[in-house]
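Written out below as structure tokens is the structure these notes cover.
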Amino acid sequence: MNIKELADRLELEEEEYRELLVLFFETGKDDLKKLQSALNEGNIENIIDISHSFKGASGNMGFMELHQALEQIEYRADSNQMVGLAELFGGLKMKFEELKKLM
């Protein structure tokens, strides 16, 4: 992943983008915890809200794999399809950690 390209896409300097990365990963870590709690509680409304917000941030940063994973979670929750959400969440968490290591 090329930080310069991602920064250019947002019309930012690389240093500005790096600052956003720090914020994204801090917020993302919290979002993952909240999403895990919502899944454990079966709280569909919170699953939809958290995944929607996190999806938008991921897309804005140019992290399309995360965006797509969150889109699937949001869609399933919105369709009241709870089966398989735990597995999707596990994949999301793994993608997030892999991305964090790359950056």
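The numbers here are math on the coordinates, done by the rules we state, and not lab data. Being a predicted model, the structure only gives us computed values, none of them experimental. For neighbour counting, all protein chains shown are included, and Cβ atoms are generated from backbone atoms with ideal geometry for every residue, glycine included.
Assorted remarks:
- Some residue of region 36-45 being touching a residue at least 12 places away in the same chain (Cβ under 8 Å) and closer than 23 Å to Lys101 by Cβ: yes
- Against the test of being in a helix (DSSP H, G or I), crowded, with 19+ Cβ neighbours inside 10 Å and not hydrophobic (A, V, I, L, M, F, W, C), the options Arg18, Arg76 yield a single qualifying residue, Arg76.
- Region 55-73, residues that are over 22 Å from Glu14 (Cα atoms) and under 8 Å from the mean Cα position of the chain (by Cα): Lys55, Ala69, Leu70
- Leu10, sole failed condition from (1) under 21 Å from Glu97 (Cα atoms); (2) in contact (Cβ under 8 Å) with a residue 12 or more places away in the chain: (1)
- Condition met for Glu65 (at negative phi, in a helix (DSSP H, G or I), surrounded by fewer than 20 Cβ atoms within 10 Å (Cβ to Cβ) and touching a residue at least 12 places away in the same chain (Cβ under 8 Å)): yes
- Exactly one residue among Lys101, Lys55, Lys93 is out of contact with any helix residue (DSSP H, G or I) (no Cβ under 9 Å at 6 or more places or on another chain) and either of a type outside the set (Val, Ile, Thr) or surrounded by 19 or more Cβ atoms within 10 Å (Cβ to Cβ) (or both), and that residue is Lys101.
- Flag for Val83 being assigned to a helix (DSSP H, G or I), loosely packed, with under 14 Cβ neighbours inside 10 Å, out of contact with any helix residue (DSSP H, G or I) (no Cβ under 6 Å at 6 or more places or on another chain) and not small (Gly, Ala, Ser): no
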